[in-house]
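Taken together, the values in this text are just the output of simple stated rules run on the coordinates, not laboratory data. Since the structure is predicted, the reported quantities are computational estimates derived from the model, not experimental observations. Neighbour counts run over all protein chains shown; Cβ positions are idealised from the backbone, glycine included.
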Amino acid sequence: MGTVTVWNENVHEMRDPVVAERYPDGIHGAIAAGLAADGFEVQTATLQDAQHGLTDDVLAETDVLVWWSHCANDEVSDEVAERVVERVQAGMGFVPLHSGKNSKPFTRLMGTTCDIKYRHGGETERVWVVDPGHPIADGLPESFEVPETEMYGEPYDVPEPDQTVFVSWFEGGEVFRSGLCYRRGRGRIFAFRPGHEAYPIFFQDEIRQVLCNAVEWAAPTQGAEAVYGEVKPQTDPDGGY
Ligand code: ZN
């Protein structure tokens, strides 16, 4: 497969020393390192880059876009968001992580609020594989723990997914559909919940395994040509095929 682009708003790392210490190369740097270690060709882009680093040229060479955002979702320009949506519909894979669920591209692709309930405080999360035969679950145990995280709770206002790969349980009792697969146009989307900026979640082995699997799964396939508009009949005018 071709290039994976890891996009990060890269704002918490600049403002919060705790996050900067957790992610000295940025969240994008940690995610990119995990993918590169598995042999993927990876580049990164951030909100601060011209056109947020997501120019037509960059998106054209991107097979899968991994996206982390949180406090600056509104600062992403409508033009860039729309460009991402169009590329997904044309076949680019899209993997929004954690609060990237509130990003303009993801909410536009879903058509719903993507609202949740949440709680800060470093609770334990247990991520259960609920679709063990799914390619995104390859190599994972039946379940695994994220020792400290932000809680996300149902209901999660998204359309019914094509597949639910993970469901999370939290110490406080809530549950959450934490790994959801969609298709929009020719593009595959995998929304993955873990990844709060205050914890070293993107260095965790199981999380890195999920991201490698997700990128592999979301990569474009060749498929067939699509023909739209007015067409002549497929049957010949004298009858028969
Ligand atoms: Zn968070």
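Order 75-84, 175-184, 88-97, 111-120 from most to least packed using the mean count of other Cβ atoms within 10 Å. All intermediate terms of the calculation are to be shown ahead of the outcome.
Values: 75-84: 16.2, 175-184: 20.0, 88-97: 23.0, 111-120: 13.4.
Highest mean packing first, the order is 88-97, 175-184, 75-84, 111-120.
Under a Gaussian network description of the chain, with springs only between Cα atoms under 10 Å, the residue in Tyr152, Tyr228, Tyr23 that fluctuates furthest is Tyr228.
Which values of log₁₀ I(q)/I(0), to two decimal places, follow from the Debye formula for region 1-105 at q = 0.19 Å⁻¹ with a uniform point scatterer at every Cα? Log10 I(q)/I(0), no solvent term: -0.92. Report the calculated FRET efficiency for Gln234 and Arg108 (r = Cβ-Cβ distance, R0 = 35 Å), to the nearest 0.05. In this case the efficiency is close to 0.50.
For the chain, modelled as a GNM whose springs connect Cα atoms under 10 angstrom apart, the maximal fluctuation among Gly229, Gly173, Gly122 occurs at Gly229.
Other residues whose C-beta falls under 12 angstrom from the C-beta of Gly223 contribute a net charge of +2, scoring Lys and Arg +1 and Asp and Glu -1.
Rounded to the nearest angstrom and listed largest first, the equivalent-ellipsoid semi-axes of region 110-181 from its Cα gyration tensor are 19, 18, 8. Dipole orientation for the chain: of the candidates Ser168, Thr3, Val58, Ser168 has the Cα lying most toward the positive pole (charges on Cβ; Lys, Arg +1; Asp, Glu -1).
Compute a Gaussian network model of the chain, connecting alpha carbons closer than 10 Å, and tell me which residue from Gly187, Gly133, Gly26 fluctuates the most. Looking only at Gly187, Gly133, Gly26, the largest GNM fluctuation is found for Gly133.
Convex hull over the alpha-carbon atoms of region 90-241: what's its volume per residue in Å³?
Details: hull volume 21.7 nm³, N = 152.
Output value, Cα hull per residue: 142 Å³.
When restricted to Cα atoms, region 189-241 yields an Rg and a Dmax of 22.9, 71 Å, respectively. Dipole magnitude for the chain: about 280 debye, using +1 per Lys or Arg Cβ and -1 per Asp or Glu Cβ, origin at the Cα centre.
Using the beta-carbon distance between Glu21 and Arg119 and R0 = 25 Å, what value does 1/(1 + (r/R0)^6) give for FRET efficiency, to the nearest 0.05?
Values: r = 23 Å, r/R0 = 0.93.
FRET efficiency, Glu21 to Arg119: 0.60.
Ellipsoid semi-axes for region 145-211, based on the Cα gyration tensor and the rule √(5λ), read 22, 16, 9 Å when sorted largest first.
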